[in-house]
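> One structure is given below, represented as structure tokens, and several questions about it will come after.
Where a number appears in this text, it was derived from the coordinates with a stated rule and is not lab data. Because the structure is a prediction, the values reported are computed rather than measured. Reconstructed Cβ throughout: ideal geometry from the backbone, glycine too, with neighbour counts over all protein chains shown.
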Amino acid sequence: PDAETGAAQAGHPGHADATPTSTPTSTQAAGVAVPERDALTTWPDGLPDGRLPDVVTTAAGGLTVHGYPALVVEGAPAAASRPVALRVLADASLRDRRHAEGVRELLLGELALATGRITSRWTTAESLTLAASPYRTTDALVRDLQRTALDALLDETAGGAATVRDAAAYARVRGVARDALEDRTHRVARDTAAVLAAARELDTAVRGTTSLALLNTLTDVRDQSARLVHDGFVSATGAGRLPHLVRYLRAAQHRLAKAAENPGRDEGLAWQVHELEDLYQDAVAAARTASGDAARDARLVEVRWMLEELRVSLFAQHLGTPQPVSAKRIRTALGR
């Protein structure tokens, strides 16, 4: 995000990753113009065969300049309404991710269900738990639940939103999403309620721990919980991984109980995790200053969750991990 902010400041003031100011807003691909568009409400019309080209070229200062068309989300992430625009990006590595976000938000604008319709299916227990979420309002929570449901449906239907680059594909996924969005959103809400319940139990355990010998452990557990559960965490985590957050939070609660029995052992295990987390943060910082690399960024996301699995393996082994995890495996992944 920091790198994107810099790109926005250096290029088009209205959006990140824009083409340089010397590049016109109508760029040529095989002789066909691709104009930039604002405030889209559905798939943009006027494209050749309804398709958004992967790359376009134009002449600028005697050089051939490449641009990468994408639907992009504009406006603040916390805004209730986030407009979608067609932009020609300067960085190929950002095209697919930005386009995936744009397709999802465009579908959300067309298909979003009213908050009351979504909340009417919640049980009393779910309603009470979800009301205590870190989201600012119920409307914001419901919108993020639907974003997450759309991501899951797009992955299943089209292999991901980034692959949707023509009107026919968009119409197809819109039809599938229209029929399945409500039920999938309910499933996401159910998983989210389970996460929030586990987070509440962990918070109760933290508040009930008063030993000064566990001060470092308490700080670490609080920080971990804040990383996992925050405003926007549902779509940031994704539907497929949401249930794992329950296990991570329960592992942290089990850790508190065991740390009270042997604070020294807990400190030693925590040191192993923190050393790897520092290496991970160094890698993230380096990635922000390097050229775009989608494969590298995907590996960093993988490492982030490997670190959570390592915590389970070290502090609550009885809860299990989906695949083997170790400090050596994480170092190898970071080395890549």
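> Over the chain, what is the relative contact order in whole percent, taking alpha-carbon pairs under 8 Å and six or more residues apart? Could you put the intermediate results ahead of the total?
Working: 424 pairs, mean separation 44.0, N = 336.
Over the chain, the number comes to 13 percent.
> Using the Karplus curve 6.51 cos²θ - 1.76 cosθ + 1.60 with θ = phi - 60°, what ³J(HN,Hα) values do you get for each residue of region 129-135, in whole Hz, with x for Gly and Pro?
5, 5, 5, 9, 6, x, 6
> For region 220-336, what is the relative contact order in percent, using Cα pairs closer than 8 Å and at least 6 residues apart in sequence? Can you show the working numbers first?
Working: 68 pairs, mean separation 35.8, N = 117.
Value for region 220-336: 31 percent.
> Using a simple spin-label model with points 7 Å from Cα along the Cα→Cβ vector, what separation in nm is obtained for residue 207 and residue 180?
4.0
> Along Cα→Cβ, 7 Å out, is where each label goes; now give me the distance between the ones at residue 305 and residue 265 in nm to one decimal.
Simple spin-label model gives 3.0 nm for this pair.
> On to the next question. May I ask which residue of 47, 307, 291 lies farthest towards the positive end of the charge dipole of the chain, with charges of +1 (Lys, Arg) and -1 (Asp, Glu) on Cβ and the Cα centre as origin?
It is 307, whose Cα lies furthest towards the positive end.
> For percent of Cα pairs over 24 Å apart, one of [x] 62; [y] 69; [z] 59 was computed from the structure I shared and the rest are decoys. Which label?
The listed entry that was calculated here is [x].
> Report, in whole Å, the centroid distance computed from the Cα atoms of region 218-277 and region 167-189.
Each part reduced to its Cα centre gives a spacing of 33 Å.
> Out of 320, 115, 128, whose Cα points farthest toward the positive end of the dipole of the chain (charges: +1 Lys, Arg; -1 Asp, Glu; placed on Cβ)?
Value: 320.
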